[in-house]
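Taking it in order: structure first as structure tokens, then the write-up.
The values are calculated or read from the model by the stated rules, or taken from the named source; none is laboratory data. Computed from a predicted model, the values in this text were never measured in an experiment. In this analysis, Cβ positions are derived from the backbone assuming ideal geometry, glycine residues included, and neighbour counts consider all displayed protein chains. Heavy atoms of the whole protein, side chains included, go into the accessibility calculation; ligands, DNA and RNA do not. Shrake-Rupley method; radii C 1.70, N 1.55, O 1.52, S 1.80 Å.
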Amino acid sequence: MTSFIELLQIYKWSLPSSILMAAVLALIGSQWSAREKSAQIFVLGQGASLGIVLGLVINILLGTDFHGISLAAGLSLGWVTLLLMDQLIQTKSDRNHIYLTLFVFFLSLTYLISYLTPALESHIAASYFGDLAVMSDTGAQLCLLAAMLFGFFALKFWRSLSLASFQMVNHSYIHRTWQNRIFDVGTLLLTTMAIQSMGYLFTIGSLFIATSFTASRSRNLQSYLIRMLVISLGGTALGFMISLLSTNLPTVPCVLLGQMLLGLITYTKK
């Protein structure tokens, strides 16, 4: 018991950061799903991931190790991707095919850059599959701070954001409010930071697992929110603990399977 407590102290930043980030990503994913923009978030994540890889290349060429370069590159390419999807693609009838093409394009570029830069191979594996147990304290602290701030905003304006999502789907959304502008910026920032520090798999999984299990079983908006938070918070904590107890199990798959397990449990409860 004492050794396990000592082990938890080693991950005193990684554990709370990943748990809270999973919950905030679930909040983001639920709104994007409600707006029928799930395909866009996959493209946004892949675009941001490509930007992070380009930032790593810049660090290698300059002989530096500034994580801020990767973050800035990820945010920049992610913003361009989001702007491209909103302004040029969203109104097209075949947009889902275009989103898929963009996703494959970004993925192909990422692997091409990785092949041309052998020093990136380990970074590419980390950026996709991640390992929460080896996340740096600085990265965990920044993610924790960003998740706390955006989580407070999302919960405070949850009803207005949900109303905007409903209006977007039935095409009655006219004026873009400041809450939704902050939501779009926060989506870009949180997903990019999560991909950089926690990996693409963790980010995409946390965005959609919780909302997938709660969408059809919730009586109202409050019930939906509570179930989603239980799955994301509890599943992440459960998976992280299991990975710590067994040194052979990687953290991210355990975390996502933990979310799915709690999702199945809550799905059977009305």
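Measuring between their Cα centroids, segment 138-189 and segment 202-246 lie 18 Å from each other.
For segment 10-268, what is the relative contact order in percent, using Cα pairs closer than 8 Å and at least 6 residues apart in sequence?
Working: 342 pairs, mean separation 78.3, N = 259.
For segment 10-268, the relative contact order is 30 percent.
Rolled with a 1.4 Å probe across the full set of protein chains, the surface gives residue 156 an accessible area near 130 Å². Element breakdown for the chain at a 1.4 angstrom probe: carbon and sulfur atoms account for 69% of the accessible area. For the residues 219, 95, 181, a 1.4 Å probe over the protein chains yields an accessible-area ranking, largest first, of 219, 181, 95.
For the chain, leaving out every one of the chymotrypsin sites (Phe, Trp or Tyr not before Pro) that falls in a DSSP loop and has at most 16 other Cβ atoms within 10 Å, the longest unbroken run is 67-172. The helix-only estimate of mean residue ellipticity at 222 nm for the chain, built from DSSP H runs of length n ≥ 4 each weighted as -39500 (n - 2.57), is -25500 deg cm²/dmol after division by the residue total. Couplings 3J(HN,Hα) for segment 233-249, derived from phi with the Karplus relation 6.51 cos²θ - 1.76 cosθ + 1.60 (θ = phi - 60°), are 6, x, x, 5, 4, 4, x, 5, 5, 4, 5, 6, 5, 10, 5, 8, 9 Hz, where x marks Gly and Pro. If the chain linking residue 58 and residue 87 were pulled fully straight, counting 0.36 nm for each residue of separation and taking away their Cα-Cα distance, it would gain 7.5 nm. Phi angles across segment 208-216 convert, under the Karplus curve 6.51 cos²θ - 1.76 cosθ + 1.60 with θ = phi - 60°, into 3J(HN,Hα) values of 10, 4, 4, 5, 5, 7, 9, 4, 9 Hz, Gly and Pro given as x.
Placing a label point 7 Å from the Cα of residue 182 along the Cα-to-Cβ direction, the residues of segment 135-173 whose backbone N falls under 18 Å from that point are 145-165. Per-residue surface analysis assigns residue 134 an accessible area of about 110 Å², computed on protein heavy atoms at 1.4 Å probe radius. Straightening the chain between residue 267 and residue 9 buys 89.5 nm, computed as 0.36 nm per residue apart minus the Cα-Cα spacing.
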